[in-house]
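The values are calculated or read from the model by the stated rules, or taken from the named source; none is laboratory data. Here the structure is a predicted model, which means the values were calculated and not measured. Reconstructed Cβ throughout: ideal geometry from the backbone, glycine too, with neighbour counts over all protein chains shown.
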Amino acid sequence: MSADSMATNPPEARTPGLRPNILILHTDQQRYGSLGCTGNPHARTPSIDALAAEGTVFTRHIVANSVCMPSRATMMTGLYPPAHGVWDNGVALNRREYIDYSRVRHGEGTVVEPVTIADLCSQANYRTACFGKMHLTPFLSPADYRFPESQVWWGQDPHDLLDWHGPYYGFQHVELAFNHGQIAEGHYRVWLQQNHPEVYRRARASPPGDVIPGLHDLRPAEVPLELHPTTWLADRFVRYLRRQVTDERPFMAFVGFPDPHHPWEPTREALELFVDSDVLAPHDVEGTDWEGYVFDSAGGPLVGWTEEQKRIVRRYTLAQVYQIDLAVGAICDALQSRGLWENTLVVFTSDHGDFLGDHNFLRKGIGAANSLLHVPFMARIPWMKHAPSHVDRVMSNCDLMPTVLAQAGLDCPEYLHGRDIFQVIAGGHEHRAAVYCSRGAPASNNCSVYDDRYRYTIYPCQGREELFDHQADPGECRNLASDPAHRARCEAMRHLVKEHLLVHRNPIGGRVSAW
């Protein structure tokens, strides 16, 4: 069934009165073409591919920001960054728990809290749980801020935190494995240290990577596959299902895998499968049309790299994705064995991508690029028997919350920026995805709009414009913004950027007093 036919053949509704479970499987820094089901012939992802085969793959899913925290806040709230206020990494999503009211004279109404998908599910009597990386509060914050995902706080006295399991942004039960690499921070690190001290010590003592000279965050993990954070997260979710067996309420769960984000530290078991693997070639390896791209601290051009070194990074990424696939398989098997599979809505997606050699860059940047903004999104909705196998309409991760809640029969606030994508398709409505990125300096500010074919981006303080035709140029090798034949399209999409920004801007911040 094609997406277009949904207008005349709407999908069946779920069984009345039977509320479904909701499971969001979420990775970090995973680009669209990293899976078998999204066109990578070298990926080993049978479990994710099987999930996709039973659901709908959205081939043009665009995130609202190219780095973690703003993108995740958009997904969790259904609001774009100009409204939820998380404009860059290091900015916490507003929540009263993290405001010191002892210094607030007029506390009532001074903190506007964006409602999360977990908040709404909790209010609907769901049991809510998150496992892994959420990244709704900063990793590098001082301990006295008391952010649950502060690695400094966990590093000072983790035993004070070990018994903490929420609440956290609407999630009633929390088990954290945040930050990146073979030893994720939070509950996972303390578990590994207590239960496998030799493995922990060996991993902590492992030297910087030397597989690629100068790239110290690429190396085989000392932690074996059965103890790796990715495996641990699948195990914790399965244990949660076992503990909740007598609770008849539906669950809403989020499993946030920290991989395949750098550092690239897959297990040796996984790496063995990709030692001589071929990989997809990068787009625009010279980066000739990308001069002036704005970087953050994690990105930069690859100077002096060989083609084989670029292939190695992609092989390590394939190994990390393979580990995620094993975990997804374990999770799906657990749902099936407990009779929950046919009443559980499962989503698989990510927060942003990685250049992985495209345009001669590695990691990510704060500017717009399809390598960073285009990520996997698939949804298996068992009661939607005639759902399309693929949807090519553009979709934002801002649309995740209203789409998922609508399929679960739950109401959404009317003020959300996102839309139920299935209703958009069924109604034949026009739809676009907006992107807002900034590092704080005026030159870094950029806004984008995606439609079903093009990406248009403007850097207002640089006087720079970009227009890419993804149908003719999926690798974004030719900027059409200066082409007279596309002048009218640029003007129309520039107007859309202005219109979207006016609608989406509603800044949220923690006021410390009424005036």
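In the list 233, 215, which residue meets the criterion of being part of a helix (DSSP H, G or I) and either in contact with a Gly (Cβ under 6 Å, 6 or more places away or on another chain) or under 30 Å from residue 306 (Cβ atoms) (or both)? The match here is 233. Of the residues in the stretch 240-255, at least one is aromatic (Phe, Trp, Tyr), outside any strand (DSSP E or B) and over 21 Å from residue 30 (Cα atoms). The set of residues in the stretch 35-86 that are aliphatic (A, V, I, L, M), touching a helix residue (DSSP H, G or I) at 6+ places or on another chain (Cβ under 7 Å), under 26 Å from residue 323 (Cβ atoms) and assigned to a loop (DSSP other than H, G, I, E, B) comprises 35, 43, 63. The set of residues from the stretch 399-433 being touching a Phe, Trp or Tyr at 6+ places or on another chain (Cβ under 6 Å) and outside any loop (DSSP other than H, G, I, E, B) comprises just one member, 433. Every condition in (1) at pLDDT 95 or above; (2) within 24 Å of residue 92 (Cβ to Cβ); (3) hydroxyl-bearing (Ser, Thr, Tyr) holds for residue 150 except the one numbered (1). Residues of the stretch 259-272 include at least one that is touching a His at 6+ places or on another chain (Cβ under 7 Å) and buried (at least 24 other Cβ atoms within 10 Å of the Cβ). Per the conditions (1) at pLDDT below 95; (2) crowded, with 17+ Cβ neighbours inside 10 Å, the sole criterion not satisfied by residue 173 is (1). Checking each residue in the stretch 341-365 for being part of a loop (DSSP other than H, G, I, E, B) and farther than 16 Å from residue 259 by Cβ picks out 355, 357, 365.
Restricting attention to the stretch 213-240, the residues that are at pLDDT below 95 and either buried (at least 17 other Cβ atoms within 10 Å of the Cβ) or on the phi > 0 side of the Ramachandran plot (or both) add up to 2.
Answer yes or no: is there a residue in the stretch 152-159 that is within 21 Å of residue 194 (Cβ to Cβ), acidic (Asp, Glu), assigned to a loop (DSSP other than H, G, I, E, B) and over 19 Å from the mean Cα position of the chain (by Cα). Scanning the stretch 152-159, I find at least one residue that is within 21 Å of residue 194 (Cβ to Cβ), acidic (Asp, Glu), assigned to a loop (DSSP other than H, G, I, E, B) and over 19 Å from the mean Cα position of the chain (by Cα), so the answer is yes. Within the span defined as the stretch 489-499, one or more residues are surrounded by 19 or more Cβ atoms within 10 Å (Cβ to Cβ) and either under 22 Å from the mean Cα position of the chain (by Cα) or in contact (Cβ under 8 Å) with a residue 40 or more places away in the chain (or both).
Per this entry, residue 290 is not counted among residues that are modelled with pLDDT of 95 or more and hydrophobic (A, V, I, L, M, F, W, C).
Within the stretch 198-214, not a single residue is farther than 21 Å from residue 314 by Cα and in contact with a Phe, Trp or Tyr (Cβ under 8 Å, 6 or more places away or on another chain).
For the stretch 207-243, taking the residues that are among the basic types (Lys, Arg) and under 25 Å from the mean Cα position of the chain (by Cα), the one that is nearest to residue 178 (Cα to Cα) is identified as 236. The set of residues in the stretch 306-324 being in contact (Cβ under 8 Å) with a residue 60 or more places away in the chain and surrounded by fewer than 21 Cβ atoms within 10 Å (Cβ to Cβ) consists of 309, 312.
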